[in-house]
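Presented below is the structure to which this report refers.
The values are calculated or read from the model by the stated rules, or taken from the named source; none is laboratory data. Remember, predicted model here, so these are calculated numbers, not experimental data. Glycine gets a Cβ as well: all are built from the backbone with ideal geometry, and neighbour counts include every protein chain shown. Surface areas here come from the heavy atoms of the whole protein model, side chains and all, with no ligands, DNA or RNA. Shrake-Rupley method; radii C 1.70, N 1.55, O 1.52, S 1.80 Å.
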Amino acid sequence: MLITAVLASNKVMAYTSPNLVITTADVADMRGAIEQNGQFTEAFVANKLIVNKQIAQVITVPLPKDGGGGYTHERHKKNYKLMYDAGIIYQLTQDEKYANYVRDMLLEYAKLYPTLPLHPKRKMGKQNPGKLFWQSLNEAMWLVYTSQAYDLIIPSLTSAEKSTIEKGLFHPIVKFLSVDSPETFNKVHNHGTWTTAAVGMTGYVLGELDWVEQALYGLDKSGKGGFLRQLDELFSPAGYYNEGPYYQRFALLPFITFAKAIQTNQPERKIFEYRDGIVLKAIDTTIQLSYNNLFFPINDAIKSKGIDTIELVNGVAIAYGFTKDTGLLDIANLQKQILLTGDGLKVANALDNHLATPYKFKSVAFGDGNDGEQGALVIMRQNVGGEQAVLFKPAAQGLGHGHFDKLTWQFYDKGEEIVSDYGAARFLNVEAKFGGRYLPENQTWAKQTVAHNTVVVDEKSHFNANVAVGNANYPKLVFFEKDTNVTISSARINSAYDGVSLTRTIALIKLPEQEQSLVVDVFDVMSKQAHQYDLPVHYKGHLISTSFDLNTHLTSLPVLGKENGYQHLWLKAQAQPKAGLSQITWLNDNGRFYTNSIVMDGDASLIFTQIGANDPLFNLRNENAFINRKTKSKNHTFVSVLEPHGEYNPSKEFTIAAVSSVETLSHQKIDDIDVVEIMLSGDKHYLLAFNATEKNQRNAFSFNGSKYKFDGRFKLFEIKK
């Protein structure tokens with residue numbers, strides 16, 4: 001079916017339905033592929049069976065009343081997905097029953113929508129409410145899918161049916177999301193991305209090119225808002241989204257879907273070349289922000305989300321359709337989902353022909369902020385007895401979903417999280433648990449600094465937990481470098497606390513000619529005033545041993561503090577180790593032991609905690625940590641080495657190397673150079689030297705009577721007798 005619309009530039013655009021993410025050419029190719037008995041055919045048959053079962057049911061378009069996770073909320077979500085899927089099956093089979101089902105549901109919505117007030121479960125004063133849903137974000141998501149469903153069935157509709165649907169449904173919902181909701185529509189935020197994508201895609205389908213221009217440039221078309229501003233502001237030049245991996249995944253779908261629609265309808269805009277190909281970069285970066293198929297769970301993240309999420313399935317398909325990068329097929333294999341789209345067909349055909357090559361996960365520092373200069377999210381990777389990764393976070397705040405966790409880190413090994421991040425305190429879409437929304441403990445625990453693996457000063461969170469202040473300040477990435485055996489990064493922030501400078505350097509090391517790895521952590525804290533400094537390590541596993549005596553609370557547990565997250569920590573044990581080397585060993589579910597070796601000064605203490613205090617509704621997970629505490633100190637350097645070692649196999653009843661091989665650990669500051677000395681059993685002796693000053697002038701030092709020199713920022717020296 002042909003539709004003609006006038007562009008803002010007075011050009012005429014001919015619109016043939018379907019012509020958004022799926023085109024008439026795609027439909028022709030997909031119809032031919034159905035008979036080929038490959039992966040695409042399997043996906044088609046499976047989807048058709050599901051749709052057949054669903055359209056056998058009575059159409060239900062309920063009056064909205066429930067919040068996220070409730071019946072009406074979930075029903076409207078299922079409806080938009082069902083309309084979209086049925087529209088595709090209609091195009092591939094030309095069976096009118098699928099188009100008729102979508103038509104009848106749209107007609108029901110056209111009756112309902114003009115009568116709706118704002119949603120009864122709207123969150124007053126926090127987010128713009130919807131009508132079908134409790135927030136307008138969900139309304140925009142509904143329209144992204146429903147506009148595509150409508151596009152797929154237009155050829156089956158009469159002029160009267162089209163008029164009823166467009167006037168009763170699409171015109172009112174577009175007005176509500178745009179003209180009536182300017183704060184969200186013009187906002188540089190994932191809510192704004194979804195809204196502009198929904199309105200712009202609907203504009204293409206209905207031939208309302210003014211809507212497209214508003215979607216691209218903001219309501220006043222000035223460029224101060226809109227989709228292109230979102231692309232300019234929300235991604236770094238490398239394609240990192242400033243709210244973190246979880247929300248990068250969430251925001252990816254409207255970016256790639258609307259971009260595909262723009263490319264289809266107005267290829268002269270060259271949207272996939274915009275800002276040096278930022279959309280395609282964002283897809284690749286989203287993949288890089290994962291370990292063992294799950295996204296790194298920083299900020300407000302649900303920890304079970306991974307690369308098989310539908311947003312990235314779409315992203316991989318669209319990216320492969322444009323680039324033919326066979327590494328993306330490796331990810332598609334892991335996703336195990338074939339889309340019924342033109343790009344989905346290209347992926348299926350390539351997989352059938354065994355064209356996949358290994359996707360290359362990298363050690364990389366993704367600059368943060370739209371200029372890439374607002375800190376960075378650093379990923380270090382290596383393979384030592386299994387895939388290992390360090391996530392180091394000298395990144396920007398991440399807007400309202402960001403946590404107060406400057407310079408925090410996490411460690412992953414053999415498929416498991418070892419040094420952990422709590423992520424979000426939320427039971428997503430579980431209405432029985434606080435309506436599926438973020439729990440109060442997301443503010444009182446999950447966002448607070450003590451919930452992370454970074455320094456807390458005087459039991460207060462970074463920026464006093466003020467989001468606006470956090471957004472205005474960010475760390476400086478001093479350096480990120482790597483060689484054959486070491487990946488190392490250093491960063492600094494002077495604004496997390498008044499008068500306190502925080503500098504952290506983390507190195508992931510593969511020891512030369514050995515299957516052994518270490519993570520070296522040097523954290524400098526400097527102030528002209530005395531403070532209490534706490535450095536937590538949140539670990540996953542069962543405590544096995546300590547090299548010092550514990551004073552354990554056996555019959556009752558005190559609470560560690562009163563606020564800023566401390567009120568949620570049970571004080572389970574504490575210790576005052578002697579000066580020198582102290583070690584804490586735990587066993588992870590992956591069957592490997594982990595020992596944190598720490599340089600202690602004789603004055604600092606170690607505190608062992610568990611989450612769960614002041615949690616009357618059992619909203620929090622009971623996870624463990626130990627905290628290195630230094631009191632009444634101006635300047636202090638925390639130095640530690642994390643060592644994976646050994647194996648525990650309860651099935652075959654054997655244990656190997658349950659004891660750490662670290663025998664000596666020391667740290668010296670020699671002029672501008674930090675030198676960490678590590679001695680392992682078997683007379684293995686190493687020096688890690690690095691220069692974390694911003695001037696980077698000195699690279700030579702003397703140690704125990706010998707002279708050493710290195711190029712660049714660092715070097716790992718192996719000391720041989």
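Rounded to whole numbers, the Karplus 3J(HN,Hα) couplings from phi for the stretch 371-376 are 9, x, 10, 9, x, 6 Hz, using 6.51 cos²θ - 1.76 cosθ + 1.60 with θ = phi - 60°, and x at Gly and Pro. Where in the stretch 369-390 does the amide nitrogen come within less than 16 Å of the point 7 Å from the Cα of Thr484, taken along Cα to Cβ? Under 16 Å, as judged by backbone N against the label point of Thr484, lie 383 of the stretch 369-390. Inter-label distance, Gln57 to Lys720: 7.0 nm, where each label sits 7 Å from its Cα along the C-beta direction. Neighbours of Arg698, meaning other residues whose beta-carbon lies under 14 angstrom from its beta-carbon, give a summed charge of +1 when Lys and Arg score +1 and Asp and Glu score -1.
Does the stretch 163-243 come out rounded, prolate or oblate by the C-alpha gyration tensor, with a ≥ b ≥ c the root eigenvalues, rounded set by a/c under 1.5 and, if not, prolate when a/b is larger than b/c and oblate if not? Since a/c reaches 1.5 and a/b is larger than b/c, the shape of the stretch 163-243 is classed as prolate. If a/c stays under 1.5 just call it rounded; otherwise compare a/b with b/c (prolate if a/b is bigger, oblate if not). Do that for the stretch 473-584, with a ≥ b ≥ c from the square roots of the Cα gyration tensor eigenvalues. Oblate shape, in that a/c is at least 1.5 and b/c is the bigger or equal ratio. Expressed as a whole percent, the accessible surface of the chain that belongs to carbon and sulfur atoms is 49, based on a 1.4 Å probe.
Among the trypsin sites (Lys or Arg not before Pro) found in the stretch 499-544, those both in a DSSP coil and sparsely packed, with 10 or fewer other Cβ atoms within 10 Å of their Cβ, are Lys528.
Dipole orientation for the chain: of the candidates Phe255, Pro155, Gly402, Gly402 has the Cα lying most toward the positive pole (charges on Cβ; Lys, Arg +1; Asp, Glu -1). Computed over the alpha carbons of the chain, Rg followed by Dmax gives 27.9, 92 Å. In the complete set of protein chains, residue-level accessible area for Arg621 is approximately 90 Å², probe 1.4 angstrom. Think of a 1.4 Å ball rolled over the protein heavy atoms: the chain then has 39 Å² of accessible area per residue. The calculated 222 nm mean residue ellipticity attributable to helices in the chain amounts to -9500 deg cm²/dmol, summing -39500 (n - 2.57) over DSSP H runs of n ≥ 4 and dividing by all residues.
Sequence-ordered 3J(HN,Hα) estimates for the stretch 333-339 from the Karplus curve with 6.51, -1.76 and 1.60 and θ = phi - 60° stand at 4, 5, 6, 6, 9, 10, 7 Hz, glycine and proline given as x. Think of the chain as a dipole: +1 on every Lys or Arg Cβ, -1 on every Asp or Glu Cβ, centred on the Cα centre; then among Ile165, Pro129, Thr286, Pro129 lies furthest on the positive end. Taking the Cα centre of the chain as origin and assigning +1 to Lys and Arg Cβ atoms and -1 to Asp and Glu Cβ atoms, the resulting dipole is close to 900 debye.
A dipole drawn for the chain from +1 and -1 charges on Cβ atoms has a positive end, and of Ser640, Val559, Ser660 the residue lying farthest that way is Val559.
As an exercise, identify the trypsin sites (Lys or Arg not before Pro) in the stretch 273-379 lying in DSSP coil whose Cβ has no more than 13 other Cβ atoms within 10 Å.
The qualifying sites are Lys324, Lys336, Lys360, Lys362.
At a Förster radius of 56 Å, what calculated FRET efficiency corresponds to the Cβ-Cβ distance of Asp549 and Asp276, to the nearest 0.05? The value I calculate is 0.45. Shape call for the stretch 402-482 from the C-alpha gyration tensor, a ≥ b ≥ c root eigenvalues: rounded (a/c under 1.5), prolate (a/b greater than b/c) or oblate? Here the stretch 402-482 falls in the oblate category.
Shown here is the pair-distance distribution of the stretch 30-184: with all Cα-Cα distances grouped in 5 Å bins from zero up to the longest one, the shares run 2, 9, 18, 21, 18, 13, 9, 6, 3, 1, 0 percent. By a straight-distance test (C-alpha under 17 Å), which aspartates and glutamates pair with Lys562 as possible cross-link partners, with residues fewer than eight away in the same chain excluded? Lys562 reaches Glu441, Asp458, Glu459, Asp534, Asp615. Excluding same-chain neighbours fewer than eight residues apart, the lysines reachable from Lys324 by a Cα-Cα span under 24 Å are Lys260, Lys270, Lys281, Lys336, Lys346, Lys360, Lys362.
This model, with +1 at the C-beta of Lys and Arg and -1 at the C-beta of Asp and Glu, gives the stretch 444-525 a dipole about its Cα centre of some 300 debye.
Within the same chain, aspartates and glutamates fewer than 8 places from Lys572 are excluded, and of the rest, those with a Cα less than 14 Å from its Cα are Asp549, Glu623.
Summing Lys and Arg as +1 and Asp and Glu as -1 over all other residues whose Cβ lies under 13 Å from the Cβ of Thr16 gives a net charge of -2. What's the long-distance tail for the stretch 443-486, i.e. % of Cα pairs beyond 13 Å? So the portion of pairs separated by more than 13 Å is 66 percent. Only Lys, Arg, Asp and Glu carry charge here, each on its Cβ (+1 for the first two, -1 for the last two); on that basis the stretch 644-721 has a dipole of about 320 debye about its Cα centre. The stretch between Glu183 and Glu268, if pulled fully straight at 0.36 nm per residue, gains 27.6 nm over its current Cα-Cα span.
Modelled spin-label separation between Ala160 and Asp589, with each label point placed 7 Å from Cα along the Cα-to-Cβ direction: 6.0 nm.
Computed over protein heavy atoms with a 1.4 angstrom probe, the accessible surface ordering of Lys578, Lys224, largest first, is Lys578, Lys224. Model label sites at Glu387 and Lys707, defined 7 Å from Cα along the beta-carbon direction, differ in position by 4.6 nm.
Each 5 Å bin, from zero up to the one with the longest distance, holds this percent of the alpha carbon pairs of the stretch 291-420: 2, 10, 17, 18, 17, 17, 13, 6, 2, 0. Estimated at the nearest 10 Å², the accessible area of Phe434 is 90 Å² with a 1.4 Å probe.
Treating only the Cα positions of the stretch 343-439 as identical point scatterers, give the base-10 log of I(q)/I(0) from the Debye formula at each q in 0.20, 0.21, 0.24, 0.25 Å⁻¹. The calculated log intensity ratios at q = 0.20, 0.21, 0.24, 0.25 Å⁻¹ are -1.01, -1.02, -1.11, -1.16. Between the stretch 418-451 and the stretch 208-252, the C-alpha centres lie 27 angstrom from each other. Taking GluC sites (Glu not before Pro) as exposed when DSSP calls them loop and at most 15 other C-beta atoms lie within 10 angstrom, the chain has its longest site-free stretch at 1-372. For the stretch 652-695, trypsin sites (Lys or Arg not before Pro) are listed when DSSP marks them as loop and at most 13 other Cβ atoms sit within 10 Å of their Cβ; the list is Lys652, Lys695.
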